[in-house]
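Here is the structure we will look at, set down as structure tokens.
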Amino acid sequence: MKRKIALLGNMNNNLFNMCRFLRDRGFDAVLYILPYDSTHFLPEADSYDDSYKSYVKTISWGNPYEMEQVSVDEIRKELGEYHFIIGCGTAPAYLAKAGMTLDLFTPYGSDLYHYPFFNLLKPKKFISYFSSFFKKNSEIQQSVSRSANWKGYIPFVLHQRKGIRQTRNAAFLSSGQDIYAVALRKLGFRNTYFRFSVPMIYTPQYNSESIAKYYQRSPWFEKFNDIRKSTDFLIFSNCRHCWKYEEDPASYKGNDRLFKGFSEFIKKYQGKASIITFAYGSDFPESKKLCEELGIADKVHWFPVLPRKELLVGMSLADLVVGNLSDSSWSTYGVVYESMSVSKPVMHHRNDSLYPKETLYPMINAYSSDMVANALAHYSVNKDKLKQIGAEAHRWFTEESIDKPVQQIVDLINNKKS
């Protein structure tokens, strides 16, 4: 009999991809979509057919701060028969409420450094929260990380803390000094931690060869390709625009540094260069204003928020992908994985001294507008080197971010006693 695996939550489509890899390896894996999972992180946003419908379920409970909406019996009835449970987001809290233990916690960010801590009890945060009750009801809860229910706030935080502490295994890439590692230590996690991330990309579908098969099925391909055909050097940036008014330091992306560096680069570049980016993130209106001020608005092409299957189509046509350019160093995240899956070189900020050698893949390091300008000037006339960086990064990605972590998770499943 196939072992039954449950995967709870689908931020960034991470666990949808993991579910597909596990099913490829013979497990009866089922993905549970939580109510707050964003529409552009649903399976249909990351798949070119609807075959996933046979192993994806949507449940009515799972929101932060709303644990009273589901009973212990309901949770146990839904999840009690699974041999192994993988989760992110609010999964630790809901399993803890039911007296169950998560087998593998694969955090995406705020579920680890925000949810299990009493942030609203800080004076500034509390005043902002309290004042929200005097606003229109539709404005009270504009994001799932914000509680509109004080009675549900404390129970949820306590259960999230308990659930993470009791989780048998946790896995995420970390320098050991970043916000994720610090949060895990603050929580007093004593169980097994693995320095790997779940595969964020389903490589049988997304790679430099297979992606072209989907061009004619993409409603956005022609728009992307028109820009490609009229551009000598095409830059693709699908990071959230969070650089001016963003309150969460961990969410800074340094998008302004790309535009400032680009504006300096094109003053000397002999060809035609363009940027493709997206109206995504709290500060994208500020990015548009900045482009106008810098005189580069005609070279920056804006697209709406698109599902990953469309992002990868556009990205596959680019010369260079740009990720997080903030002062903080990051090893891997969605944009990095996406670029490597289609063999595109990525430029972002990574402090190599913080990470084990085996986690270092070929990339272009930048975290200031001057570094961006210099890198663009160099690589715009050295495209063969760019292609080499992309190809070598893809090889690293396949081995270290797909094959090895999938095998480690398979081993955890097989080694768990019934």
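The values are calculated or read from the model by the stated rules, or taken from the named source; none is laboratory data. A quick note: this is a predicted structure, and the numbers were derived from the prediction, not measured. Glycine also receives a Cβ, built like all others from the backbone with ideal geometry; neighbour counts cover every protein chain displayed. When the accessible area is computed, the model is the full protein with side chains, heavy atoms only, and any ligands, DNA or RNA have been set aside. Shrake-Rupley method; radii C 1.70, N 1.55, O 1.52, S 1.80 Å.
GLN177 to GLN69: extension gain in nm, 0.36 nm per residue of separation minus the Cα-Cα distance?
On the way: separation 108, 0.36 × 108 = 38.88 nm, distance 3.68 nm.
Length gained, GLN177 through GLN69: 35.2 nm.
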- Task: Could you tell me which of rounded, prolate or oblate describes region 252-322, using a ≥ b ≥ c as the square roots of the eigenvalues of the alpha-carbon gyration tensor, with rounded for a/c under 1.5 and, failing that, prolate when a/b is larger than b/c and oblate otherwise?
- Result: oblate
- Over the Cα atoms of the chain, Rg to Rh with Kirkwood Rh, two decimal places? 0.96
- Residue-span extension gain [LYS272 to SER353] - 0.36 nm each, minus C-alpha spacing: 25.6 nm
- Shape call for region 235-381 from the C-alpha gyration tensor, a ≥ b ≥ c root eigenvalues: rounded (a/c under 1.5), prolate (a/b greater than b/c) or oblate? rounded
- Added length on full extension, which subtracts the Cα-Cα distance from 0.36 nm per residue, SER418 to ARG185: 80.9 nm
- Among the aspartates and glutamates, which have Cα under 20 Å from the Cα of LYS244 when same-chain residues fewer than 8 positions away are ignored? ASP256, ASP283, GLU286, GLU292, GLU293, ASP327, ASP370
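Kindly report the accessible area of the chain per residue (heavy atoms of protein chains, probe 1.4 Å, no ligands, DNA or RNA), in Å².
Details: 18580 Å² over 418 residues.
Normalised by residue count, the accessible surface of the chain is 44 Å².
Could the peptides 298-305, 100-107, 370-377 be put in order, highest first, of the mean number of other beta-carbon atoms found within 10 Å of their residues? Walk me through the numbers before you get to the answer.
Numbers: 298-305: 15.6, 100-107: 23.5, 370-377: 19.1.
Top of the packing list down: 100-107, 370-377, 298-305.
So for the chain, averaging the separation of alpha carbon pairs under 8 Å that are six or more residues apart and normalising by length, what relative contact order in percent results? Mind dumping the intermediate values first?
On the way: 739 pairs, mean separation 61.6, N = 418.
Here the relative contact order equals 15 percent.
Counting only protein heavy atoms and a 1.4 Å probe, tell me what percentage of region 219-312's accessible area is made up of carbon and sulfur.
Values: 2130 of 4310 Å².
In region 219-312, the share of accessible area belonging to carbon and sulfur is 49 percent.
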- Item | C-alpha center-to-center spacing [region 37-102, region 283-297] in angstrom | 40
- If you find the alpha carbon centre of region 211-240 and of region 341-412, how far apart are they in angstrom? 21
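Tell me the chymotrypsin sites (Phe, Trp or Tyr not before Pro) within region 206-285 that lie in a loop according to DSSP and have at most 11 other beta-carbon atoms within 10 Å.
Numbers: sites: TYR206, TYR214, TYR215, TRP220, PHE221, PHE224, PHE233, PHE236, TRP243, TYR245, TYR252, PHE259, PHE262, PHE265, TYR269, PHE278, TYR280; in loops: TYR206, TRP220, TRP243, TYR245, TYR252, TYR269, TYR280.
Listed in order of number, the matching sites are TYR245.
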- Cut-off under 5 Å, modelled amide H: who pairs with ILE276 long-range: ILE235, PHE236, SER237, HIS301
- Query: Build a GNM of the chain with springs between Cα atoms under 10 Å: which of PRO356, PRO116, PRO199 gets the top mean-square fluctuation?
  - Reply: PRO356
- Please turn the phi angles of region 327-339 into ³J(HN,Hα) values with the Karplus equation 6.51 cos²θ - 1.76 cosθ + 1.60 (θ = phi - 60°), one per residue in order, whole Hz, x for glycine and proline. 5, 6, 8, 10, 7, 9, 6, x, 4, 4, 4, 4, 4
- Query: What distance in nm separates the simple spin-label points at ASP411 and VAL381, each placed 7 Å from Cα in the Cβ direction?
  - Reply: 4.9
- Cα shape, region 1-97, gyration tensor, a/c 1.5 rule: oblate
- Not counting the cut sites, what is the longest span of the chain without GluC sites (Glu not before Pro) that DSSP labels loop and that have at most 12 other Cβ atoms within 10 Å? 248-418
- Query: For labels at ALA297 and PHE117 in the simple 7 Å Cα→Cβ model, what's the distance in nm?
  - Reply: 4.0
